[in-house]
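Comments concern the structure below.
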Amino acid sequence: MNIPRWLRWRSHDEIDEEIDAHLALEVQAHLDRGLSPEEARRAALREFGNPAAVKQRARENDPLFRVESFLTDVRQTLRSLRRSPSFTIAAVLTLAVSIGATTAIFSVVDGVLLRPMPFPDPDRLVRVTLHTLPQANATVEMPFAELGFFHLLNNHRTFAKVGGVSVFAGTNGNDEWALTGIGAPYPLAVARMTAAAFEVLGVPPQLGRFPTAAEDRPRGAPVLLLSDTLWRTMFNASPSIVGRTVQMNGAPWEVIGVMPASFKFPQPTVDVWIPFRLDPTSKAIGPPSIGLIARLAPGATIESATADAERLVAGFAEIGYPLNWTRDIITGKAHVRTVKDDVVGRSRRPLLVLLGTMGLVLLIGCSNVANLFQVRAEARAVEAAVRVALGAGRRRVVQLLLTEGVIVALAGGICGVALAYGGLRALVAIAPPSIPRLDEIGINLTVLAFTAAVSVAAGLLFALLPALRTASSRVLSALRAGRSGSTGREHHVARRGLVVAQIAFALALFVGSTLMVRSFSALSAINPGFDASRLLTFRVAPAETRHRDGEDTARFYDTLLERVRAIPGVTAAGATSFLPMTGGIGGLGGPFLATAIEDSPLDAGARAPNSVFRRATPGYFETMRIPVIEGRTFIADDHQRRLGSAIISESLKNKYWPQSSALGKKVTIAGAPARIVGVVGDVHDTAPDAPTGPVVYKPMLDERGGNVRGMAVTIRTSRDPLEVLPAVRGTIAELDPDLPVSDIQTMQTVVGASMSRTSFTMTVLVLAAGIALFLGAVGIYGVMAYGVVQRTSEIGLRQALGADRASVFRLIMRDGLRMDVLGIVAGLAASIGLGKTLSSLLYGVSPYDGVTLLLAAVVFLAVGALASAIPVSRALRVPLIVALRGD
Amino acid sequence: MADQERIQLLQGTLDLLVLQTLALGPVHGHGIATNIQRTTQEELLVDHGSLYPALQRLERANLIASEWGVSENNRRARYYKLTRTGRKRLVTETRRWEATVRVISRVLNPRRAT
């Protein structure tokens, strides 16, 4: 790394030669005056000063000197860093972790929570929902039914424009749609949007146009808009796609446009948007499935819009909303919030907790880096003093220490960036799909810069403090203090304070993550009401064009299930309109419908609850192993002969017939009365920790017909469920080669996905706690090791004076443990203080759980003891004479 | 601290003295030092060490030039000489110095002033 000779203004040799010549002449002059050679040399040197320093100063005149001295510093630093690998590794690792992990997490939070939604003027874009009575202990928000939607649309005073949106196929939908006529059917997530909704959102298509009002009427022309993804994967991003006709479920649809990649409304999975085709003149109530989005009118606020919406909702009873809806579902309350709040909603708290967690890790990391650098710089204070004494300029010395700081910081920073990228990718991979806007997440450069700046600044600041002290000419005292010297009590206090804080933070994180782990295991231990092992599930939806009516469709399912049961390895098969734990409208696990109950000892007013409505085939309960409490499960006659039978869940039975049998009692749901033929166990519908709601099951057909198109097929197998998949696919292809099969997964995957939010939070917290525990241990170890090295001669002296090893050991250990205990106490206090924040994320464990707190205290006591014991016992092994010499 | 004060005091003056010494012809570093000492009758002690950075500074400012030559004791030594700009600078600096001295001494000693 030397500067090439030709680049130099004057070579070092030339400078040396010139100065040597000068000295020779001076010596000669003194010799001529009659001094002895020795005296002459000394006189010459006295006159000249320190030749080495002069040469150095002459060299510093070179314009390239700064570059060169920097290169020298770099070389020297690299050498000295190689000589102390533990410091280097600890510092680089700490920096990398605090920069990398914090950036990764913050990028997720920023992508999901902070960045504005990709709509123009997103703060004026709101979503309106109806507030329902709490179901069990969870409040549910309902979308609008057609009647209510138009009532609001026609009478509001606070919105500039109102639109409706609904996802009705694919994820969260309950119908199956697919591109057809292209070989194997390609399953689609389809969203319906009113023409106005496109304008409310305000994102223009990248190709083509929005639907017109004429196309958004009943029996309007079948038109659709493609998502960017579908356009690229299925149509090779062909610009001539607009105007072409594609087949969807066997029917022709004209492509009128392609939405941009950034448009992901109402959810990222949507492939196709079609006009809603609502009928404004209709007096039908319609199912509650219209999500209402609107732009606030100029001057309107969230508050005034809420008041406006509630004024209209209060009048729902008069316009003909069903009585039990107005009483049970609608409480006259409405929610108006920005689309962002609506989308982000439930993810906010876990993400903020994670953000806080990472903030703590960053704090711990910074204090660790500060500690490491301070210890290092103090150890080097002597070296710096020696350099000054030997003629190095103070600026050079400071520069050298600074160079070291910068190099370590750079290495840490680079590793940190790599870690941030890798970590972010890993986080996005393990993040539950329920976290919105995941695909918008990228490394946030501002955050990267911020965390890097903070942690590097911490390192440099502490690297420089001792350097500056050295520079302020306390050379002599530093030299005298030597290796055994300590650099003052105040630094000890600062450093100990840092370590105590580190332990406290790390312990709080440890408690948090332990609580999450315990929540997760409690969640996993819940009996979901069915047996999830060795269950294969998928959704199919026979096309209307092939199976004209309900009876035809029901026959299709009968045949399909019969053939599937014949496949070797299949022990049972059944189908249901809505699979448990797959979310659904409003997170209710299926359509949530008014239910009229007769023959109950409860009074009439109370006998009109809302229940989750499902259809099920014979064999479904047996396949799922949902226990039968009384009566029977469905048989083929139930739907084939339209017996008008129903099966209810245990909680519904217990509410209305707590003492007596429910069999033979009448229940009316979805407009058709039915007799209860069986009671089955409760099933956790939306998630393992979600309350079990009342469910009414009906067969595929009843007096009112029944519209079973899309169903989830469940198959119990005697071996790995995925092994029977090829045979099942073959069976379906035989029956209907155009039938799309989607959402193929094992039931265990479904259950796992429903817990993914908890497991995601848990994974990150456990990671963070692990990092924090590690950094905390490094902190104690670093400070203890340094302190012990400084007290080596004291240890030797005590031993020489007759103290036995054990008492010396205890003496020094007490020091480390005091820090540890202080940190533990502070950490426990912090954990208890933070308990409230965490409690909504926990399941089955209190945030003040004594066992967890005790465990944390014990673990940190052990870690602290270990981190202290290692340097102490090493010091005790130092031979007495070496220890006494103190060097 | 004392060290720094002396350097500052000598900074401008040393340059002037070096230029003046070189006005008589090419001289090497040691020659410049002894020359200054001799002409000031040893009253001004030249710090030989600070001479070389000064020489380099002057050379970089293009006021003097240097080349290798042979010294009186037959060693290779670097000889410095004034450049044209150096000569001009010497004239202007000398004038400014004299003016400064005149003004300062008038202030310090008003009666003796002319």
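The values are calculated or read from the model by the stated rules, or taken from the named source; none is laboratory data. Remember, predicted model here, so these are calculated numbers, not experimental data. Heads up, the Cβs are rebuilt from the backbone with ideal geometry, glycines too, and the neighbour counts pull from every protein chain shown.
Here A:G202 meets the list (1) buried (at least 19 other Cβ atoms within 10 Å of the Cβ); (2) under 38 Å from the mean Cα position of the chain (by Cα); (3) within 17 Å of A:G291 (Cβ to Cβ) almost entirely, failing just condition (1).
Scanning the range A:288-317 for residues that are under 34 Å from the mean Cα position of the chain (by Cα) and assigned to a loop (DSSP other than H, G, I, E, B) turns up A:P288, A:S289, A:T301. For A:I626, the requirement of being crowded, with 22+ Cβ neighbours inside 10 Å, at pLDDT 75 or above and assigned to a loop (DSSP other than H, G, I, E, B) is met.
Residue pairs whose Cβ atoms lie under 6 Å apart, sitting 6 or more positions apart in sequence or on different chains, and linking a residue in the range A:274-295 that is more than 13 Å from A:L147 (Cβ to Cβ) to a partner that is modelled with pLDDT under 80 and surrounded by fewer than 24 Cβ atoms within 10 Å (Cβ to Cβ), are A:G291/A:P143. Scanning for something in contact with a Pro (Cβ under 9 Å, 6 or more places away or on another chain), over 30 Å from A:L355 (Cβ atoms) and assigned to a helix (DSSP H, G or I), does the range A:802-810 turn up at least one residue? No, the range A:802-810 contains no residue that is in contact with a Pro (Cβ under 9 Å, 6 or more places away or on another chain), over 30 Å from A:L355 (Cβ atoms) and assigned to a helix (DSSP H, G or I). Just one of (1) touching a helix residue (DSSP H, G or I) at 6+ places or on another chain (Cβ under 9 Å); (2) closer than 14 Å to B:H28 by Cβ fails for B:A61. It is (2).
Pairing residues of the range A:497-525 that are among the charged types (D, E, K, R) with residues that are modelled with pLDDT of 80 or more, at Cβ distances under 9 Å and at least 6 apart in sequence or on separate chains, gives A:R518/A:V845; A:R518/A:D849; A:R518/A:V851; A:R518/A:T852.
Listed here are the residues, each with its yes/no results for (1) touching a His at 6+ places or on another chain (Cβ under 9 Å); (2) surrounded by 20 or more Cβ atoms within 10 Å (Cβ to Cβ); (3) modelled with pLDDT of 75 or more; (4) at negative phi.
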| site | (1), (2), (3), (4) |
| --- | --- |
| A:T306 | yes, no, yes, yes |
| A:R348 | no, no, no, yes |
| A:G356 | no, no, yes, yes |
| A:N371 | no, yes, yes, yes |
| A:V386 | no, no, no, yes |
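For the subset of the range A:748-782 comprising residues that are touching a Phe, Trp or Tyr at 6+ places or on another chain (Cβ under 8 Å) and farther than 30 Å from A:I89 by Cα, which member is modelled with the lowest pLDDT? The qualifying residue modelled with the lowest pLDDT is A:T758.
Looking at the range B:73-87 only, could you name the residues that are more than 8 Å from chain A (Cβ to nearest Cβ) and free of Cβ contacts under 8 Å to residues at least 24 places away in the same chain?
B:N74, B:T83, B:R84, B:T85
A:W231 meets the conditions (1) touching a residue at least 40 places away in the same chain (Cβ under 8 Å); (2) surrounded by 19 or more Cβ atoms within 10 Å (Cβ to Cβ) in every case but one. The failed one is (1).
Residues checked against (1) of a type in the set (A, V, I, L, M); (2) within 30 Å of A:H335 (Cα to Cα); (3) exposed (fewer than 15 other Cβ atoms within 10 Å of the Cβ); (4) at pLDDT 90 or above:
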position	(1), (2), (3), (4)
A:G208	no, no, no, yes
A:A237	yes, no, yes, no
A:R244	no, no, yes, yes
A:I256	yes, no, no, yes
A:I274	yes, yes, no, yes
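Restricting attention to the range B:70-86, the residues that are among the basic types (K, R) and loosely packed, with under 14 Cβ neighbours inside 10 Å total 1.
Scanning the range B:45-69 for residues that are part of a strand (DSSP E or B), exposed (fewer than 14 other Cβ atoms within 10 Å of the Cβ) and either within 10 Å of chain A (Cβ to nearest Cβ) or touching a His at 6+ places or on another chain (Cβ under 6 Å) (or both) yields a count of 1. For the range B:87-111, residues that are exposed (fewer than 11 other Cβ atoms within 10 Å of the Cβ) and part of a helix (DSSP H, G or I) total 10.
So in the range A:16-50, with the set limited to residues that are out of contact with any His (no Cβ under 6 Å at 6 or more places or on another chain), more than 21 Å from B:N74 (Cβ to Cβ) and in contact (Cβ under 8 Å) with a residue 12 or more places away in the chain, which one is nearest to the other protein chains (Cβ to nearest Cβ)? Per the stated criteria, the residue is A:N50. In the range B:99-108, is there at least one residue being within 14 Å of chain A (Cβ to nearest Cβ), at pLDDT 85 or above and touching a Ser or Thr at 6+ places or on another chain (Cβ under 9 Å)? No: zero hits.
For the condition under 20 Å from the mean Cα position of the chain (by Cα) and either at pLDDT 70 or above or assigned to a helix (DSSP H, G or I) (or both), what is the one hit in A:A453, A:A429? Before you say what the answer is, go through the steps one by one.
Details: A:A453 fails: under 20 Å from the mean Cα position of the chain (by Cα).
One residue alone meets the criteria, A:A429.
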